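Below: one structure, written as structure tokens.
The values are calculated or read from the model by the stated rules, or taken from the named source; none is laboratory data. Predicted model only: the values in this text are computed from it and were never measured. Don't worry about glycine lacking a Cβ; one is built from the backbone with ideal geometry, like all the others, and counts go over all protein chains shown. For the accessible areas, the whole protein counts, side chains as well, though only heavy atoms, and no ligand, DNA or RNA atoms are used. Shrake-Rupley method; radii C 1.70, N 1.55, O 1.52, S 1.80 Å.
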Amino acid sequence: MDQHNTSRFSTGPGRQEELSAPEEFFCQLSDLEREAREGRRPVPKRMAMAAALLALTGLTAAGAVMVSTCTLCYAVSADGAPPLAYVRREEAYDQAVCQVEEQVSAILDTDYAYANNTRVALTIAPREQLQTPDQLTESLMETVDQVREVWVLTVDGVAAGACDSEEVINEALALAKAACTTEHTRSVSLVSNLIISADYLPADANTLSAEALAEVLLRPPEEQEEDAAVFASLDQPREDAPLLVVETVEELTYTQAIPSPVQEQETADLILGQTATLTAGTEGLESRTDLVTYRCGVEVARENLSAYTLTEPTPTIVGVGTAQGAEAAQGRFLWPTAGKITSPFGARYIFGSTSFHTGTDIANASGTPISAAAGGTVIFAGPKGSYGNLIKIDHGNGFITCYAHCSQFVAAQGDWVDQGQTIALMGSTGRSTGPHCHFEVRWQEEPIDPELCLPPLS
């Protein structure tokens, strides 16, 4: 191929000018023509040849100067057809051919050589029609029969599919939005980052219809043919989210229960710190209208527009206990064993001195069963100084009972025992004058008179 990157012509006797581009040659030629017309310089032979070239293109040098938007350049033509493109330099064609061969080889996954019958010729064209090497590459790609141009939709960095036109992709996006729209929808938008770009595929490659592409966009990733690495940008991303993130705003009107308000009421029927429902209230009912925002069907925001009450709720009365000590224990405990009371709660004279007796002694034959005065957890079962063999039960709400001088344990530490369940047998271990059960009732670690807590003896 002839090289036309530089143009050489004579500007006078013994002088040669070399220009680095056709546009400079065109400008120099115009200057020579103007000087010759003004009689300042004879028309050189080279200039006459250039003028002939301009005449073939339909312009004279003077006419070209008047048409300031034109320039001398190279026309790229194929098979005698009108020019595909105009470029400033001839080597731009060679660069474009190399790029075409690289692109087509990658698309077809095989070596490809550009074989179209193209030619490059010096010509004159408007400057606005000049193409860059990359633009020329695109023009040459259109002449390759083995590939065809398609339009590709990319969603959040993932290629979703290829279609025959940009219009088909826009139709698919519209179908996807319509599929997420209901009678309550006030607005619908696409949150995903969408890019629609032109690309090339093998000429026999299949493309998607608008309906098929819309189906791909709304399918969960596990149903996609390829793994979609980028999902919806939700506050809590879901693995089952579709490729396309559609955000809808719905106006919803619905009824909702109004919780029953709680009112507290003090009562001595309950132990201090204990609560219980005295009267159950009823829920009310209200009508609400909200604007709810969904992404991929997951609610991400809610704004209330209106609310009015249909039915008023009634309050729930909750009793708050005030009873303490013996008052709180009444009706809670039963006598732990049968027998005679030999030493009541309070001051007493025994073993040669006066002391405070912290429980009630109930005497009977050795081996008489001792039962739990109330249900609870055994927190101690073992020897304890003057108490002898002692068993202690925690009943909750601050109450503990003690059973001393046992001959044998039936329950062990850590056991849960029910009221009336046998926990030990009566004995005379520790500091004792005979077989009996020393029974204590303690509330918040302070001993109280057991007989005030127990039902009257029959």
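At least 1 residues that are touching a residue at least 60 places away in the same chain (Cβ under 8 Å) and in contact with a strand residue (DSSP E or B) (Cβ under 8 Å, 6 or more places away or on another chain) in each: list the strands (runs of 3 or more DSSP E) lying fully within the range 247-363 that qualify.
Here the list reads 262-271, 284-295, 298-311, 340-343, 346-350, 360-363.
Quick test for you: out of 449, 415, 394, 361, pick the one residue that is charged (D, E, K, R), over 28 Å from residue 270 (Cβ atoms) and open to solvent by less than 70 Å² (accessible area, probe 1.4 Å).
361
With the condition kept exactly as written, say whether any residue in the range 283-301 is in contact with a Ser or Thr (Cβ under 7 Å, 6 or more places away or on another chain), under 25 Å from residue 248 (Cβ atoms) and of a type in the set (A, V, I, L, M).
Yes, that holds for at least one residue.
Which one of these does residue 374 not meet: (1) within 21 Å of residue 448 (Cβ to Cβ); (2) open to solvent by less than 20 Å² (accessible area, probe 1.4 Å); (3) touching a residue at least 40 places away in the same chain (Cβ under 8 Å); (4) part of a strand (DSSP E or B)?
(4)
So residue 325 passes all but one of these: (1) crowded, with 16+ Cβ neighbours inside 10 Å; (2) within 30 Å of residue 432 (Cβ to Cβ); (3) modelled with pLDDT of 95 or more. Which condition number does it fail?
For residue 325, the failing item is (3).
I'd like the full set of residues that are among the β-branched types (Val, Ile, Thr) and either under 60 Å from the mean Cα position of the chain (by Cα) or within 13 Å of residue 373 (Cα to Cα) (or both), limited to the range 433-451.
441
Among the residues in the range 134-152, are any part of a helix (DSSP H, G or I), among the polar types (S, T, N, Q), open to solvent by 30 Å² or more (accessible area, probe 1.4 Å) and farther than 18 Å from residue 197 by Cβ?
no
Tell me which residues, restricted to the range 325-369, are polar (S, T, N, Q) and out of contact with any Ser or Thr (no Cβ under 8 Å at 6 or more places or on another chain).
Those that are polar (S, T, N, Q) and out of contact with any Ser or Thr (no Cβ under 8 Å at 6 or more places or on another chain): 330, 342, 353, 354, 355, 358.
Considering the range 71-118 alone, what residues qualify as being open to solvent by 30 Å² or more (accessible area, probe 1.4 Å), outside any strand (DSSP E or B) and closer than 12 Å to residue 139 by Cα?
Scanning the range 71-118 gives 83, 84, 99.
Here's a check for you: in the range 154-201, which residue that is farther than 18 Å from residue 245 by Cβ and part of a loop (DSSP other than H, G, I, E, B) is least open to solvent (accessible area, probe 1.4 Å)?
The residue in question is 165.
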